[in-house]
Amino acid sequence: MSIKNFCFILLLVTLQVSAASSARQIHSLNAGWEFILSENNAPLTESTLGWKNVSVPHTWNNADPFTEGQDYHRGMGWYRKTLSFTPQKQKRYLLRFEGVNQVAQVYLNGQKLATHKGGYTAFVVDITPHLKSGSDNQLLISVDNRHDANIPPLKGDFNFYGGIYRDVWLEVLNQVHFDGGEYASSGVYVTTPEVSADEASISAQVHMHNHGQERQAKLVNRLLAPDGEQVFIHEQALSLQAGLNKVDLTLPEVAKPKLWHPDHPHLYTLESEVYLNDEKLFDKLSTPIGFRWFKFDGKKGFILNGEQLKLIGVNRHQDFAGLGNALSNSQHQDDIKLIKSSGSNFLRTAHYPQDPALLDAADQQGLVVTMEIPLDHDITDSEDFYQNSIRMQREMIHQHFNRPSVVIWAYMNEMLLGRNWQRDKPLIMKITEFAKVLEKVTREADPSRYTMIPNHGDFELYKKSGLLDIPMIVGWNLYYGWYEKDIDGLGDFFDNYHAHYPDTPTLITEYGAGSDPRIRSLDPVRFDFSIEWQNEFMQQNLKQIQQRPFVAGSAVWNMFDFGSQGRNDAVPFINSKGLMTFDRKPKDSFYLFESWANKETILHIGSKNWVDRVSQPAPGDDDVVSQTFPVYSNSEKVTLYLNGRSLGEKRIQDHQAIWNVPLAEGKNYLRAVTETAGKKYSDEAVINMELLSRDDFAAEEFEGVFINSGSPFYFFDENENRHWLPDEPYQQGRWGVTGGEILMTRDRGVGTDKNILDTSNEPVFQTQRQGEFEYQFDIPAGQYTVTFYLANLTHNNSEEMTISANGSVLFSGHISEFTKNTVAFEKQFTVKAGQDGLKLTFSGDAAINGIALNKLGSS
Ligand code: GCB
């Protein structure tokens, strides 16, 4: 028997068993789908060729957004599955799709039953009236992720992966059941209007569908404490009308509730049951309840259960290396574990509602959450667009209504980015008007939470637009030290905001800097994508945020690197501002952040993942080179040891202390030690240092030196196992460069953000030395090969350069003879070093991205 048939029979058996039991039955429909990409608009029932077996979560874009030279496929995909069960007369059969990006059309036996627009919220389709009894039913779903001017998001710095990328469920219900209605909620809405440490009140609105005639029923609500003990049972007799019934309940008060808080996320459970004729259970649902009360205050920030709590946390996108957005529930849960392990108490699910499994984990593990719809950067001024956005906002609120973790409903991200008051006033006014509509919709749908709009850092424009006067909280995405030059600018920005809006609560919804673990620096600068600049950025920004009590909280952009096809950074197609990589490996900034966020004792030697280092020795000393090491900690004092010898004790300031460590050739053992509350903590690092001496160049086994021209940073090429060294000024007895300039583009800083083709070593080719300059190598006489690495980043065809070695011309001509556009190119020459070593001279309008020097005959 094929696995597929086995699955169908299993489903059949389970459905028959479930028909015999009384309450609802939920079955996963994740397995056993067939999938095909096809732009065909008609239902693809007949076609048999080309379908492949898949299971959901599934996306067709897990790889193509990361492939050079092509756009990722935004089109239509079709999914089909046979439903092999015999429908029971007295049952209702509902399909629940947790997320399909972005337009889904659902067909059963060739007939279209539903269309859902929007990729980040769930929808439910009642297939009962359309099920054939006595034969299989063919389920067919078309999914379309093409750009649609009427469906948000219109734009965004992330990928819009297409597919049925979240779970699909079959809900088998009785003739009377809880009903989530058009917004696909559970049907039970719980609020806790009054909560204190002494007492908590609970109200519930319960929606039930009665598919039969008017009948008598009983609604039972039982509250279970976090330990499972029953707190109360509440019963109410009802007369259910045919169709939809809504019942408002005031449930018994709870004395001395165990409060929900990120440090102790106590969850109660409300079990709701509906019985007919007093004894027959028709439906049953469990709703988690967290008792907490909270407030955002313009001056004091966030107050939870009566105490000020500075929110410190992260944003999270929902994709993962190799998987696109099709993650399993346990992968979502693992992400929450990682976020919690950093010490975060706050999560922004930017830029859209995320998987229920993720939010369940946030409820259970304790994170304060702000959630938003994907209204990013732009609107379309059409009724369709407005209605789709409003529906998304309502779906989000209804579906996540009961979550204790959620305290804010947001909408609209950076709507005025790139806009200008004079030029764009009419559109800006439309955005403001629409914000008022969404604000009203949100407050009506849920008066118990706060609203927020996250903006980019143009304070004056937002003020003028009126957008700051609409939401209850103003969020700011600020990149001081990244897109903005001034790394100390965040504090001034907030002080200015606070002076104008002292009573409107505010928080920082984004701040972050990109980094690539292959790039390391002893002299980090903005936009170099080094791990060390990200650390510097985080350090300075966290300091300014934590110094201001009126800033309710902060969310790093981003917890994880994520896919964004439009990006041409050091790692193309990736937004690398994560504290962790796309496959969830911690960067240094994760530990730095931990030292600010975590209440446990943190002690971490910074830059210790930069294990294998290559350097010229310090001038005048062939045996050693000094490099700085920060230690991140939340303790008071730390001592650092090198090879067992103390380098001194330092007081931790702003969660770090910095040492200058003299590293010698070979292994260097570092050990940081601290003591808090009588307990000792230590962290260790081993650094392998290779000091390049003049003799190395002469040695047979020497593998050469690789210079990343125009770059202030070290770059490690993992594929070739090569250490590319930054440019250094020439000093006698060493090698180095004199003259020329580092390429700076726009005001971003070092290098370019152009994508370089035919290489994965972007950081070599994105930086460049330009002008007239020379590289001098004080190396033993002999024969060498020199390889030039070049991509044409800024030159046009009229520019010429000459490269010579010890006076003999190696190349003279148009730069375009060397390389076309931004294609990575290399060219090798044999050269001779004399008694004075080797001098490579670049004249004319020269440019070079990298130079490798090898002894002739070595690899
Ligand atoms: C932002 C956006 C976010 C981007 C981020 C960045 O302000 O809200 O979607 O990914 O900046 O990295 O540029």
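The values are calculated or read from the model by the stated rules, or taken from the named source; none is laboratory data. The structure presented is a predicted model; accordingly, all values stated were derived computationally and were not measured. Glycine also receives a Cβ, built like all others from the backbone with ideal geometry; neighbour counts cover every protein chain displayed. Accessible surface areas use protein heavy atoms only, side chains included; no ligands, DNA or RNA. Shrake-Rupley method; radii C 1.70, N 1.55, O 1.52, S 1.80 Å.
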- Item | Geometric extent, Cα atoms of the range 659-711 - Rg, Dmax (angstrom) | 17.8, 55
- Message: Heavy atoms only, 1.4 Å probe, whole protein assembly: order Asp136, Asp179 by accessible area, highest first.
- Response: Asp136, Asp179
- For every other residue with a beta carbon closer than 15 angstrom to the beta carbon of Ile756, add +1 if it is Lys or Arg and -1 if Asp or Glu, then tell me the sum. -4
- Note on the structure: dims of the range 732-831, Cα set, principal axes, largest to smallest, nearest Å -> 40, 27, 27
- Residue-normalised accessible area of the range 326-368, given per residue in Å² at a 1.4 Å probe: 23 Å²
- Item | Coarse-grained scattering of the chain at q = 0.08, 0.09 Å⁻¹, given as base-10 log I(q)/I(0) from a Debye sum over alpha-carbon atoms | -0.82, -0.99
- Loop-only check: which trypsin sites (Lys or Arg not before Pro) in the range 244-328 are DSSP coil with at most 15 other Cβ within 10 angstrom? Lys299, Lys300
- When each of Lys112/Lys440; Lys256/Lys436; Lys299/Lys587; Lys112/Lys337; Lys258/Lys299 is checked by Cα-Cα distance, pairs over 30 Å: Lys112/Lys440; Lys256/Lys436; Lys299/Lys587; Lys112/Lys337
- Task: Give the carbon-plus-sulfur fraction of the accessible surface of the chain in %, rounded to a whole number; probe 1.4 Å, heavy atoms of protein chains only.
- Result: 48 percent
- What order do you get for 511-524, 478-491 when each peptide is scored by the mean count of other beta carbon atoms within 10 Å, highest first? 511-524, 478-491
- Query: Under a Cβ-Cβ cut-off of 11 Å, what is the net charge of the residues other than Asp683 that fall near it, where Lys and Arg count +1 and Asp and Glu count -1?
  - Reply: +1
- Whole-Hz Karplus couplings 3J(HN,Hα) for the range 245-256, θ = phi - 60° and coefficients 6.51, -1.76, 1.60, Gly and Pro as x, run 10, 10, 10, 9, 10, 10, 8, x, 6, 10, 7, 6
- Message: I want to check the label-to-label distance for Lys155 and Gln547. Put each point 7 Å from Cα in the C-beta direction and report it in nm to one decimal.
- Response: 3.3 nm
- So, in Å, what gap is there between the alpha-carbon centers of the range 552-572 and the range 756-800? 30 Å
- Item | Longest to shortest principal axis, alpha-carbon extents of the range 801-859, angstrom | 37, 27, 14
- Message: What figure, in Å² to the nearest 10, do you get for the accessible area of Phe385 with a 1.4 Å probe and non-protein molecules left out?
- Response: 0 Å²
- Query: In sequence order, what are the phi-derived ³J(HN,Hα) couplings for the range 566-579 according to the Karplus relation 6.51 cos²θ - 1.76 cosθ + 1.60 with θ = phi - 60°, rounded to whole Hz, with x for glycine and proline?
  - Reply: x, 8, 10, 7, 3, 9, x, 6, 10, 8, 9, 7, x, 6
- Message: From the helices alone, meaning DSSP H stretches of at least four residues, give me the mean residue ellipticity at 222 nm for the chain, per-run term -39500 (n - 2.57), in deg cm²/dmol to the nearest 500.
- Response: -5000 deg cm²/dmol
- Per residue solvent-accessible surface (Å²) - the range 129-257, probe of 1.4 Å: 40 Å²
- Cut-off 12 Å between beta-carbons: net charge of the residues surrounding Tyr641, Lys and Arg +1, Asp and Glu -1: -1
- Please count, across the range 745-859, the pairs of lysine residues with Cα atoms under 19 Å apart that sit 8 or more places apart or on different chains. 5
- Task: Could you pull the accessible area for Thr802 with a 1.4 Å probe, rounded to 10 Å²?
- Result: 40 Å²
- Item | Counting all C-alpha pairs of the range 604-736, share separated by more than 24 Å (%) | 38 percent
- Qualifying lysines (Cα of each under 30 Å from Cα of Lys280; at least 8 residues distant if same chain): Lys89, Lys91, Lys132, Lys218, Lys246
- Note on the structure: Interchain or sequence-distant (5+) residues whose placed amide H lies within less than 5 Å of the amide H of Leu238 are Ala217, Lys218, Leu219
- Message: Compute the angle between helix 421-445 and the longest alpha-carbon principal axis of the chain, please, reported from 0 to 90 degrees and rounded to the nearest 10.
- Response: 40 degrees
- Starting from the amide H of Ala321, placed 1.01 Å from N in the peptide plane, find each other amide H under 5 Å away whose residue is 5 or more places distant or on another chain. Asp583
- Per-selection Rg to Rh, the range 135-207 - Cα, Kirkwood hydrodynamic radius: 1.14
- Message: Angle check, please: helix 329-341 long axis (alpha carbons) against the longest principal axis of the chain (alpha carbons), in degrees 0 to 90, nearest 10.
- Response: 60 degrees
- Task: Could you pull out every one of the lysines with an alpha carbon less than 17 Å from that of Lys637, ignoring same-chain neighbours closer than 8 positions?
- Result: Lys599, Lys650, Lys679, Lys680
- Message: Nearest 10 degrees is fine. How inclined is helix 588-597 to the longest principal axis of the chain, computing both from alpha carbons?
- Response: 50 degrees
- Message: Please report the spacing between the Cα centers of the range 302-336 and the range 465-542 in Å, no decimals.
- Response: 20 Å
- Taking amide H positions as placed 1.01 Å from N in the peptide plane, with prolines and chain starts having none, which residues 5 or more places from Asn568, or on another chain, fall under 5 Å of its amide H? Phe573
- Item | Computed accessible area, Phe85, all protein chains, 1.4 angstrom probe, square angstrom | 10 Å²
- Message: Can you compute 3J(HN,Hα) from phi for each residue in the range 227-238, using the Karplus curve 6.51 cos²θ - 1.76 cosθ + 1.60 with θ = phi - 60°, rounded to whole Hz and x for Gly and Pro?
- Response: 8, x, 5, 6, 8, 7, 10, 10, 10, 9, 7, 9
